1. Lys/Arg Cβ at +1, Asp/Glu Cβ at -1, dipole of the chain taken about the Cα centre: which of 15, 32, 91 is farthest positive-ward?
2. Only four residue types carry charge here, +1 at the Cβ of Lys and Arg and -1 at the Cβ of Asp and Glu. Report the dipole size of region 1-54 about the Cα centre in Debye, rounded to the nearest 20.
3. Treat every Asp and Glu Cβ in region 82-198 as -1 and every Lys and Arg Cβ as +1, leave all other atoms uncharged, and give the resulting dipole magnitude about the Cα centre to the nearest 20 debye.
4. Which distance in Å, rounded to a whole number, links the C-alpha centroids of region 133-169 and region 69-92?
5. At a Förster radius of 35 Å, what calculated FRET efficiency corresponds to the Cβ-Cβ distance of residue 63 and residue 163, to the nearest 0.05?
6. Would you work out which of 73, 168, 146 lies farthest towards the positive end of the dipole of the chain? Charges go on Cβ: Lys and Arg +1, Asp and Glu -1.
7. Out of all DSSP beta bridges with both ends in the chain, state the antiparallel percent to the nearest 5.
8. Label region 1-134 by shape, choosing from rounded, prolate and oblate, from the square roots a ≥ b ≥ c of the eigenvalues of the Cα gyration tensor; if a/c is under 1.5 it is rounded, and otherwise prolate applies when a/b is larger than b/c, oblate when it is not.
Amino acid sequence: MNILIVYSHPSEKSYTFEILIQLKTALEQQDWNVEISDLYAMNFRSDMTEQEYEREGFAKTERPISIDVLMEHKKIENADCVIFLYPVWWSDCPAKLKGWFDRVYSVGYAYKHQPELRKMKSIKYGLVICTAGYSFELLTETGIAQSMQTIMLDDRLGKRFENKEMLILGGTLEIEKVRQQHKKQIEELTNKIKDYCA
Ligand SMILES: Cc1cc2nc3c(=O)[nH]c(=O)nc-3n(C[C@H](O)[C@H](O)[C@H](O)COP(=O)(O)O)c2cc1C
């Protein structure tokens with residue numbers, strides 16, 4: 001089993017980093033291969049250049065794709081399961097991860113397929129894990145949880161993933177009240193991955 005984690009947080013002192021370590025440990029205990037695209041550590045460029053825009057915006061698929069984007073395509077092609085892990089910032093993912101979608105989901109690869117171009121593979125399971133200051137209940141009451149799910153699962157993961165789920169690890173403003181529950185939720189994920197990717 002090959003698992004790609006696309007991780008977006010700037011600090012190792014963060015709670016999201018603590019979750020990354022728990023997740024990595026749980027996956028490696030299953031003897032699965034874990035590859036991490038640590039977007040801040042890689043200094044992943046999230047903004048699109050004018051040339052990149054012209055390729056995307058006008059579907060000029062004969063133009064070259066940047067090497068860092070091709071490297072992300074390679075990781076995707078190698079993965080049975082892709083996990084996105086990030087903190088909720090202003091009811092969405094950090095801009096760095098948004099820029100990963102802007103650039104890595106290139107035209108002809110992730111959308112507007114053409115027979116002569118390599119198409120993004122269909123991935124068995126996509127999992128979105130985000131930490132959030134507000135509780136899951138409050139995010140649901142305000143409709144923000146549903147809106148994050150619609151955007152991440154229906155649009156960004158979309159039909160490229162056969163099965164997809166979002167886990168909102170909420171309530172981090174009062175971290176001691178939720179830490180154990182979150183730990184349990186992370187440990188339980190390996191069974192889901194086995195169900196979907198076996
Ligand atoms: C710039 C910024 C924006 C944030 N926006 C939200 C938000 O819209 N909704 C929310 O529930 N929490 C929000 N938070 C709280 C984070 O989601 C919370 O800090 C995260 O769950 C865990 O923090 P850590 O990994 O940075 O330690 C925000 C935090 C920052 C720094």
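1. 32
2. Dipole of region 1-54, to the nearest 20 debye: 260 debye.
3. Details: 18 positive and 14 negative charges, 128 e Å.
The calculated dipole for region 82-198 is roughly 620 debye.
4. Result: 15 Å between the Cα centres.
5. Working: r = 34 Å, r/R0 = 0.96.
The computed FRET efficiency comes out at 0.55.
6. In the chain, that residue is 73.
7. On the way: 1 of 28 bridges.
Antiparallel: roughly 5 percent of the beta bridges in the chain.
8. Numbers: a/c = 2.30, a/b = 1.46, b/c = 1.57.
Cα axes put region 1-134 in the oblate bin.
None of the figures in this text is laboratory data; all of them are computed from the coordinates on show. Everything numeric here is computed off the predicted structure, so don't read it as measured data. A quick note on method: Cβ atoms are made from the backbone with ideal geometry, for glycine too, and the neighbour counts reach across all protein chains shown.
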